[in-house]
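One structure below.
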Amino acid sequence: MPKKDQKNPSGSISPDSDTKPKLSFKERLEAFKNLPRFFKMIWETSRSMTLGNVLLRIIKAAIPVVMLWVGKLIIDEIIFQIDNPAHDFSMIWIYLAMEFGLAIISDLINRGITLLDGQLGDLFSNKTSVKLIHHAASLDLHQFEDSEFYDKLERARRQTTSRTVLMSQVLTQVQDIITIAFFAVGIIAFKPILIVILIIAIIPSFLGETHFSEASYSLTRSWTPQRRELDYLRFIGASDQTAKEVKIFGLAGFISDRFKRLADQYYEANRKLAIKRAFWGSLLAIIGTGAYYGAYVFIAMDTVEGKISVGQLTFLAGSFLQMRNMLQSIMNRFSQIAESALYLQDLFDFFEIKPDIRQADSGLPIPNPIKRGFTFENVGFQYRGSENWSLRHLSFHLDVGEKLALVGENGAGKTTLVKLLARLYEPTEGRILLDGHDLRDYKLDELRKNVSIIFQDYMKFQLEARENIAVGDIEGIENQEHIETSAGKSLADTVIEKLPGKYQQMLGKRFLGGVELSGGEWQKIALARAYMGNAQLMILDEPTSALDARAENEVFIRFAELMQGKTAVLISHRFSTVRMADRILFLENGQLLELGSHEELMELDGKYAGLFKLQAKGYV
């Protein structure tokens with residue numbers, strides 16, 4: 001299995017841990033090929049916000065040119081009035097009012113762009129995370145067991161939150177390029193340089209931004225538990241540790257819906273603060289801009305009266321200074337965009353991965369009830385990249401209503417066999433039949449609903465007790481009576497009754513108020529999942545290993561009683577439990593060594609009998 005990052009318990013890697021590569025100029029250019037697809041995803045996130053953002057930036061790009069032209073008219077008029085004894089200020093007031101209006105519009109557009117950038121970035125991050133959860137759930141279990149794939153998954157998960165700033169960078173870059181293009185066609189790059197900018201012009205905006213920066217920090221800090229829960233949902237929705245439960249119980253919708261609900265709440269809280277910040281910031285900016293142009297009025301009057309000499313060189317110097325700064329920003333931003341765009345490939349590569357196990361276009365419905373059972377015909381399975389066979393030449397029949405126990409040493413292929421039954425793996429050779437038809441001919445989602453597995457390494461979901469049980473049949477999450485009935489069947493009700501919050505108690509210590517359970521208590525919760533669904537085949541893959549012999553015996557006695565008429569497969573290393581099965585299949589090195597009832601195998605006096613006697617000595 002791939003090695004997890006030790007700094008993060010979820011196994012994810014913080015965006016801050018990115019190591020920026022040193023890129024050549026050619027590599028930077030090639031990275032830009034990822035941008036069209038990136039912006040297509042942004043467009044699909046919100047067409048109205050994307051279009052509004054682009055239009056605002058185009059207008060913003062043109063404003064410096066318009067303001068330059070109005071400034072030119074103002075200066076020309078001032079110079080004209082210097083030589084005009086009548087001193088007619090009417091046109092000057094008109095031009096100043098025009099530029100004052102343009103300045104306010106420019107500031108409002110800036111704040112509108114910032115608002116849209118933030119909202120669109122949040123929506124993009126949420127939508128991409130939901131898409132990643134669904135896509136990960138559609139992939140095969142063997143893919144999660146490949147270290148190279150898991151690296152891609154980790155990098156893709158990182159991109160859902162760490163690359164949204166790229167959108168603002170690229171749009172700002174385009175905006176600046178358009179502005180320079182206007183300059184390039186002959187209009188002098190210019191932003192009026194005032195001799196005196198009153199302190200009062202800065203204070204309102206400064207105080208406003210300080211206040212809302214503190215409010216934004218407080219909001220982020222107060223939402224820390226919820227944001228950690230979002231990270232956890234991202235983790236359980238797309239992780240090698242949770243892949244089996246997500247696939248077998250069909251949890252992708254439940255996890256993504258829960259993520260979306262919490263993410264939307266966080267988005268709404270941020271949205272309200274962002275709107276307030278934009279509104280009050282705009283009002284405060286108008287006050288500052290008014291003070292700025294109040295000073296401008298006095299300067300203009302002084303110029304007309306000959307107290308101040310204004311030269312064309314001053315305007316040109318300011319224009320070229322602005323162009324130089326803008327070009328420098330473009331060049332600096334170019335490198336940042338290239339590096340960010342390069343990381344986008346990780347996200348796109350992950351979405352290009354396709355599962356090998358797919359649902360047939362016109363698959364057969366699962367028979368209900370199953371009439372003849374499951375048949376293994378010369379089944380073999382080999383993990384990719386491995387020269388060894390986990391299973392080989394495996395042929396046997398599992399009858400309807402039969403209780404089959406799988407026995408063998410660790411690594412004999414027991415868990416691989418049950419994963420093949422649930423079609424979490426595909427046989428490398430041979431085939432598995434259900435009522436005479438290949439498993440691949442049936443509808444995959446129906447098969448998964450009719451096969452319930454509780455694995456030895458079951459997932460301890462950091463969710464409420466009722467949710468931990470309901471994952472066995474997530475569609476029944478609102479059916480409290482069924483949840484409690486399932487808990488009673490697995491003896492988990494005795495555990496839950498001791499909890500302060502009963503079925504609403506948060507389990508695990510990840511979140512505030514959570515209660516940690518013992519290994520045996522967790523196993524009873526996990527076993528309750530098996531009773532939630534209406535599966536025709538029940539599989540217990542050593543789910544009681546943390547229980548003592550007496551507790552395990554009690555669980556399996558109840559299991560045998562409750563599974564009357566249903567097909568079941570169980571794996572256990574305790575032979576006192578195994579002997580309850582109708583038949584026992586003994587695996588060695590991935591091959592069927594012995595098959596029969598406990599009495600038949602003891603009479604055979606083979607490998608099973610030897611191990612049974614050896615284990616029995618420990619109880620003497």
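Throughout, read-outs are computed from the coordinates displayed, never taken from laboratory work. The shown structure was predicted, so the numbers you read here are calculated from the model rather than taken from an experiment. Using ideal geometry, Cβ is built from the backbone for each residue, glycine included, and neighbour counts are taken over all protein chains shown.
Quick look at the numbers
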item: Estimated FRET transfer efficiency (residue 615, residue 351; beta-carbon r; R0 56 Å; 0.05); result: 0.65
item: Ranked 608, 232, criterion: other C-beta atoms within 10 Å, fewest first; result: 232, 608
item: Across 419/443; 244/414; 403/502; 40/244; 33/152, pairs whose alpha-carbon gap is larger than 25 Å; result: 403/502; 40/244
item: Karplus-derived 3J(HN,Hα), 6.51/-1.76/1.60, for each residue of the range 375-387, Hz, glycine and proline x; result: 10, 9, 10, 6, 7, x, 9, 9, 5, 4, x, 10, 8
item: Enclosed volume per residue, in Å³, of the convex hull spanned by Cα atoms of the range 458-534; result: 78
item: Extension gain, residue 268 back to residue 174 (0.36 nm per residue minus Cα-Cα distance, nm); result: 30.9 nm
item: Residues whose placed amide H lies under 5 Å from that of residue 507, excluding near-sequence neighbours; result: 463, 464, 465, 515
item: Projected label distance in nm at residue 386 and residue 330, using a 7 Å step from Cα toward the beta-carbon; result: 5.7
item: Virtual spin-label span in nm between residue 89 and residue 433, 7 Å along Cα→Cβ; result: 10.2
